[in-house]
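The values are calculated or read from the model by the stated rules, or taken from the named source; none is laboratory data. These figures come from a predicted structure and were not determined experimentally. Cβ sites come from the backbone with ideal geometry, for glycine too, and all protein chains shown count toward neighbours. Calculation scope for accessible area: heavy atoms of the full protein, side chains included, ligands and nucleic acids excluded. Shrake-Rupley method; radii C 1.70, N 1.55, O 1.52, S 1.80 Å.
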Amino acid sequence: MLFFKECKKILFSLTFIIYIVAVVGFNFTQFCPDADRKIEKPAPNLADYGTIAKEVPEILMPEATKGLVKEYLRGYYKAYPIGFYKEVKLSEKKSAQIAEIITEISGITKQELDNFSDFSEGAMVMQPDGNGGFVPVMQSANLPEINIPDTMTYEHFRELMRKADKIIGGGSDYSDNYIVGTFSQVPKTYEDALAEYNAIIDKDKITGAYARLFCDYIGIIVAVLPVFLSASLANADKKSRMEHLIYSRKISSSKLVLTRFFALITLMFVPVMILAFIASYKVSGLYPEYDTDFLAIPKMSVYWLLPNILFSTALGMAVTEMTSQLIAVFAQGVMWFASVMCDIELTGGIRQFTLVCRHNSLYQRDVFISNMNNFVFSRIFYTVFALAIIALTIWAYSEKRKGGLNVIRKNIIGKSKT
């Protein structure tokens with residue numbers, strides 16, 4: 001009975017209506033245009049099949065060295081130590097250690113690096129296209145000339161890159177997890193493109209490719225919107241003084257919190273699953289000649305998207321209960337922004353603590369598979385984290401019913417005013 005009462009309260013709230021409109025609108029504007037495109041079998045003898053990550057020492061070594069030199073000269077290093085983007089600025093001692101690695105690889109001394117005055121990082125610039133318009137062109141970085149001697153073995157080079165990654169703090173482009181994908185992109189051959197196409201047909205059953213893209217788009221929005229709904233619901237109880245009635249009842253705190261939590265999760269996940277089944281029906285209709293996996297998109301939505309909803313909802317409930325709705329939205333917003341906006345890798349950038357997993361492509365299945373361990377870890381981590389937060393919320397409810405948490409909050413507020 002309590003579950004249905006909570007569902008009714010959620011269903012008729014303005015925040016839930018906004019949630020539905022946002023999720024459905026995001027699906028139709030972002031995913032649906034891509035769902036109309038068929039994955040075509042590659043034709044032979046094309047000029048370009050794209051690129052693919054392959055471990056080619058002749059390419060990886062100079063490119064990774066250029067990357068390290070560029071980051072040394074600009075004064076900070078890109079890294080994802082716990083899954084979120086971070087600009088790492090090293091101490092003078094650690095910076096000197098990076099310079100020693102560069103010297104050992106290329107012969108360029110620290111003095112030569114520090115005295116190099118013509119450095120430019122490289123950027124996207126707009127240039128005239130000859131027809132009165134402009135086109136974006138990537139301007140290369142201006143770096144010292146890098147020559148790696150023949151005596152530098154690939155094995156030793158990788159050891160030096162691991163050392164650089166450790167100095168930076170882990171999670172950098174020079175780690176074993178990311179160095180190949182970052183610095184060893186090679187032109188894809190017809191055979192590579194054909195193998196990728198066959199994997200999508202045979203292993204993904206076609207819909208698996210669209211499932212990754214569907215979850216990529218929907219994952220962006222369901223990682224942040226639930227916090228608004230869960231926080232607004234808790235805040236509404238405070239404003240209407242409903243919490244006093246709730247606290248006076250004999251029902252347990254765990255039942256109160258868990259009932260609301262599961263009501264929120266159910267109502268927010270149902271629209272996602274409906275959209276997932278619609279997407280499956282639409283994609284399967286594009287390929288009547290193939291045996292597609294109709295449940296691929298719904299199944300992937302469960303283990304890709306549900307952890308996002310669980311975590312965002314739990315955080316909204318807990319922080320609102322113990323502080324305020326504004327702080328809850330701010331906290332989740334910061335995490336969401338760090339995961340979505342600061343990680344420019346739309347495909348292949350999944351780390352162990354990535355909140356919003358991205359794979360913005362129908363292709364590059366091998367890239368996703370190579371990140372599978374990180375993907376599974378992140379989904380389990382945020383699910384467990386959400387459950388831990390809910391346990392904390394149950395404790396907060398219990399304390400408030402006893403008056404304990406309210407006393408603590410009043411003391412804090414009183415001290416801050418004085």
May I ask you to verify whether Asp36 is open to solvent by 80 Å² or more (accessible area, probe 1.4 Å), over 27 Å from the mean Cα position of the chain (by Cα) and over 24 Å from Leu264 (Cβ atoms)?
no
Any residue that is of a type in the set (D, E, K, R), assigned to a helix (DSSP H, G or I) and either open to solvent by 50 Å² or more (accessible area, probe 1.4 Å) or modelled with pLDDT of 95 or more (or both) - is there at least one of those in the range 141-153?
no
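Which one of Pro81, Pro44 is over 30 Å from Met273 (Cα atoms), modelled with pLDDT of 85 or more and open to solvent by 40 Å² or more (accessible area, probe 1.4 Å)?
That would be Pro44, the only listed residue that is over 30 Å from Met273 (Cα atoms), modelled with pLDDT of 85 or more and open to solvent by 40 Å² or more (accessible area, probe 1.4 Å).
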Tell me the residue from Leu306, Leu326 that is modelled with pLDDT under 95 and either more than 14 Å from the chain's Cα centre (by Cα) or crowded, with 19+ Cβ neighbours inside 10 Å (or both), please.
Leu326
Could you figure out which of (1) in contact with a Phe, Trp or Tyr (Cβ under 9 Å, 6 or more places away or on another chain); (2) in contact (Cβ under 8 Å) with a residue 12 or more places away in the chain; (3) among the acidic types (Asp, Glu) isn't true of Glu112?
(1)
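A quick yes/no check of all residues on (1) farther than 27 Å from Lys86 by Cα; (2) open to solvent by 30 Å² or more (accessible area, probe 1.4 Å); (3) without any contact (Cβ under 8 Å) to a residue 40 or more places away in the chain; (4) in a loop (DSSP other than H, G, I, E, B):
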position: Leu160; (1), (2), (3), (4): no, no, no, no
position: Tyr174; (1), (2), (3), (4): no, no, no, yes
position: Val186; (1), (2), (3), (4): yes, no, no, no
position: Ile200; (1), (2), (3), (4): yes, no, no, no
position: Asp204; (1), (2), (3), (4): yes, no, no, yes
Which numbered condition Lys9 misses (of (1) farther than 23 Å from Gln185 by Cα; (2) of a type outside the set (Phe, Trp, Tyr); (3) part of a helix (DSSP H, G or I); (4) within 27 Å of the chain's Cα centre (by Cα)):
(4)
